[in-house]
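Here the structure comes first, spelled out in structure tokens, and everything after it is commentary.
The values are calculated or read from the model by the stated rules, or taken from the named source; none is laboratory data. Please read these numbers as outputs of a predicted model, since none were measured by experiment. We place every Cβ from the backbone using ideal geometry, glycine too, and count neighbours over all the protein chains shown. Areas reflect the complete protein model, heavy atoms only, side chains present, ligands, DNA and RNA absent. Shrake-Rupley method; radii C 1.70, N 1.55, O 1.52, S 1.80 Å.
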Amino acid sequence: MLQVKNVSFAADGKQIIRNISFTLDDGKFLIITGPNGGGKSTLARLIMGIEKPDSGQIILNGEDITDLSITQRANKGIGYAFQQPPRFKGLTVKDLLSLAHGSKLPDNKCCDYLTKVGLCSKDYLNRQADASLSGGEIKRIEIAMLMSRNLNLAIYDEPEAGIDLWSFSMLVNSFKSISNQHKSVILISHQERIIQLADEIVVIADGEITMQGSKDEIFPKLTGDLSGCDLKPEGSELSWIK
Amino acid sequence: MDKITTHMLNEVADLHSIPTGAYNIRLNGKSEQRNSTENITILTKKDKPGIDIIIKPNTKNESVHIPVVLTETGLDEVVYNHFEVGDNSDVLIVAGCGIHNPGSSKSEHDGIHTFHIGKNSKVRYIEKHYGEGDGSGEKVLNPTTEVEMEEGSYCEMELTQIKGVDSTIRKTTASLKSGAKLVVNEKLMTHGKQIAHSDIIINLDGEGSSAQIISRSVAKDASVQVFHPIAVGNTNCKAHIQCDAIIMDKAKVSSIPEIAANDADAQIIHEAAIGRINNDQLIKLQTFGLEEEEAENVIVKGFLQ
Ligand SMILES: Nc1ncnc2c1ncn2[C@@H]1O[C@H](COP(=O)(O)OP(=O)(O)OP(=O)(O)O)[C@@H](O)[C@H]1O
Ligand SMILES: [Mg+2]
């Protein structure tokens, strides 16, 4: 169980996260959505320990982890797939998957995880995870790395970004069965089809939670928000009108 | 051969036992063991220290190992080795130098290697430099490599210095005739107060010749690295030089490229990047449960892989 209690964070004199609180129970799939620049990725970074809050607490399974390092949190079973994954010169996709998993993964296991994100694995295992990979490829590898881990809390930051339609369907299916790997999931997304997978939804705008509740309660309000916009094609991204 | 020598041979030439094929093992200034084969003859030079390695034309899939090991303190040597590679050959040359300096005097090996690579021949040259020893004596390696490449020849050089060499000045020059192709992969890591200079001069003289130089280096602690690659295109040719350095701690790295095209059809490219380890890479590995230092090591090792 994750508890975020009154967390605030400022950088460069700008208040980015304002007194955010929520609880995520084990077995739950939480979607965080909201306008660009609202503070979603920053909140993810605060939970992972990449940034430290100015005030408030982050509690995992009853333990206050606010002062723990990234590494310590990783060892407590928190993982984070970045919105913009880094590339590595000299490390192969297989190397990275093994590093993520925490032990050497056999080829067939690597392949399983790559298949889940729609990558034809044989072609990729020994590829360098460097600038030669396309944006969508490195993004899918980033997701596969998190999927390969047994975690208490997995955070996916806009996993759909830059991913083609066919792989997108694979991805949605993989997220449907992700509870086998992760006790709880936070997924940041703007995509209706992904948001529909949620048990719970949190909407963050301007560093604050503006809506929070079960999917059935919040989802209609999100789409309702868009009723005034007739340009919106079905099944695509939510656009936020402020 | 004692334990230290065997260990050093393993470090510099991946040798666990006496190699197959031709070899010359030089230990503390003397030729320790040698073997010539039907196609590859190793001869002691008459006028100066060193050997001539003569490879007959059409020699295919054979190898020559010529490791050099210094295990005594205070040795200082200049050695001249010449490789005469006959036409249409395909050979592997492994030349490494390791200094185990147990004492307080400087040990230095300056290897002057010259290559004449015959028409349509293919050479893979692997050279590893390594230093160790508890004493305060410096370990110095100054390799000079001169490569003359005939029409249609191909040469791939892997030059590696990962550990323990206090000071090194590397000079590499190559001249390429038509259709010749040179690939140089240089890997360097310096630490402590080490200093490493690498000068490379490539003359692309023949039509359609090409060269690719990829240098990757990591500079730690207060070490200093200077790269000075020069590529001169005198005809329709291609050269690509890429220097990529990770800088850490209080190290200094400079890259001073010089490229010249003396012909409108010469395509010469130089790219250089020097920077810290990317912070996102470090963070990413920490999110996998690695400590910062472990993460650094993984990144550095991968980068120099
Ligand atoms: N280190 C920082 N210094 C200054 N401003 C920052 C910093 N990190 C984030 N911000 C700002 O904080 C705001 C929130 O950024 P964040 O990346 O969390 O948004 P987001 O909700 O993830 O947006 P998106 O949907 O575009 O990914 C943005 O205005 C961003 O420019
Ligand atoms: Mg974001």
* Structure fact -> Restricted to the stretch B:1-27 and to residues being outside any loop (DSSP other than H, G, I, E, B) and of a type in the set (G, A, S), the residue farthest from B:N81 (Cα to Cα) is B:A13
* To do: Determine, yes or no, whether A:S121 is touching a Cys at 6+ places or on another chain (Cβ under 8 Å), without any contact (Cβ under 8 Å) to a residue 24 or more places away in the chain and not aromatic (F, W, Y).
  => yes
* Structure fact -> Checked against (1) in a loop (DSSP other than H, G, I, E, B); (2) surrounded by 19 or more Cβ atoms within 10 Å (Cβ to Cβ); (3) within 16 Å of ligand 1 (Cβ to nearest atom), A:I201 satisfies every condition except (1)
* Condition broken by A:V4, with the remaining ones in (1) open to solvent by less than 50 Å² (accessible area, probe 1.4 Å); (2) under 22 Å from A:I195 (Cβ atoms); (3) within 16 Å of ligand 2 (Cβ to nearest atom) satisfied -> (3)
* Which condition does B:D76 not pass, out of (1) surrounded by 16 or more Cβ atoms within 10 Å (Cβ to Cβ); (2) closer than 15 Å to B:D110 by Cβ, if it passes all the others? -> (1)
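Residue-by-condition table, conditions (1) touching a Ser or Thr at 6+ places or on another chain (Cβ under 8 Å); (2) modelled with pLDDT under 95; (3) not acidic (D, E):
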{"position": "B:Q33", "(1), (2), (3)": "no, yes, yes"}
{"position": "B:K60", "(1), (2), (3)": "yes, no, yes"}
{"position": "B:S104", "(1), (2), (3)": "yes, yes, yes"}
{"position": "B:S107", "(1), (2), (3)": "yes, yes, yes"}
{"position": "B:H116", "(1), (2), (3)": "no, no, yes"}
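Give me a count of the residues in the stretch A:160-191 that are of a type in the set (G, A, S), more than 14 Å from A:A144 (Cα to Cα), more than 16 Å from ligand 2 (Cβ to nearest atom) and open to solvent by less than 10 Å² (accessible area, probe 1.4 Å).
Residues that pass the stated criteria total 1.
Which of the following residues is away from chain A (no Cβ under 14 Å) and touching a residue at least 12 places away in the same chain (Cβ under 8 Å): B:I202, B:I246?
Selected residue: B:I202, the only one of B:I202, B:I246 that is away from chain A (no Cβ under 14 Å) and touching a residue at least 12 places away in the same chain (Cβ under 8 Å).
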* To do: Could you tell me whether B:P49 is open to solvent by less than 20 Å² (accessible area, probe 1.4 Å) and either closer than 30 Å to B:G137 by Cα or modelled with pLDDT of 95 or more (or both)?
  => no
* Structure fact -> The correct count of residues that are open to solvent by 40 Å² or more (accessible area, probe 1.4 Å) and within 16 Å of ligand 2 (Cβ to nearest atom) in the stretch A:13-62 is 5
* Asked: How do the pairs read when you match residues in the stretch A:151-176 that are within 27 Å of A:L2 (Cβ to Cβ) with residues anywhere that are among the aromatic types (F, W, Y) and in a helix (DSSP H, G or I), using Cβ under 9 Å and keeping only pairs 6 or more apart or on different chains?
  -> A:Y156/A:F175; A:P159/A:F175; A:E160/A:F168
* Structure fact -> Of the residues in the stretch A:122-159, those that are away from chain B (no Cβ under 14 Å), open to solvent by less than 10 Å² (accessible area, probe 1.4 Å) and within 16 Å of ligand 2 (Cβ to nearest atom) number 1
* **the stretch B:204-229, residues that are under 20 Å from B:I274 (Cα atoms) and surrounded by fewer than 18 Cβ atoms within 10 Å (Cβ to Cβ)** => B:Q212, B:I214, B:D221, B:A222, B:V224, B:V226, B:H228
* Quick one: in the stretch B:266-298, which of the residues that are among the small types (G, A, S) and more than 10 Å from chain A (Cβ to nearest Cβ) is surrounded by the most Cβ atoms within 10 Å (Cβ to Cβ)? -> B:A266
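Kindly establish whether B:K193 is open to solvent by 10 Å² or more (accessible area, probe 1.4 Å) and touching a residue at least 40 places away in the same chain (Cβ under 8 Å). Please lay out each step first, then the result.
Working: open to solvent by 10 Å² or more (accessible area, probe 1.4 Å): yes; touching a residue at least 40 places away in the same chain (Cβ under 8 Å): no.
Criteria not met by B:K193.
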* To do: For the stretch A:27-72, enumerate the residues that are over 16 Å from the mean Cα position of the chain (by Cα), away from ligand 1 (no atom under 16 Å from the Cβ) and charged (D, E, K, R).
  => A:E63, A:D64, A:D67
* **Failed item, numbered, when B:G164 is tested on (1) open to solvent by 20 Å² or more (accessible area, probe 1.4 Å); (2) within 19 Å of the chain's Cα centre (by Cα); (3) small (G, A, S); (4) under 22 Å from B:K220 (Cα atoms)** => (1)
* To do: Report yes if some residue within the stretch A:88-97 is open to solvent by less than 10 Å² (accessible area, probe 1.4 Å), away from ligand 1 (no atom under 16 Å from the Cβ) and among the charged types (D, E, K, R); otherwise report no.
  => no
* Where in the stretch A:3-110 are the strands (runs of 3 or more DSSP E), entirely inside, with at least 3 residues that are touching a strand residue (DSSP E or B) at 6+ places or on another chain (Cβ under 7 Å) and either within 10 Å of chain B (Cβ to nearest Cβ) or without any contact (Cβ under 8 Å) to a residue 40 or more places away in the chain (or both)? -> A:78-81
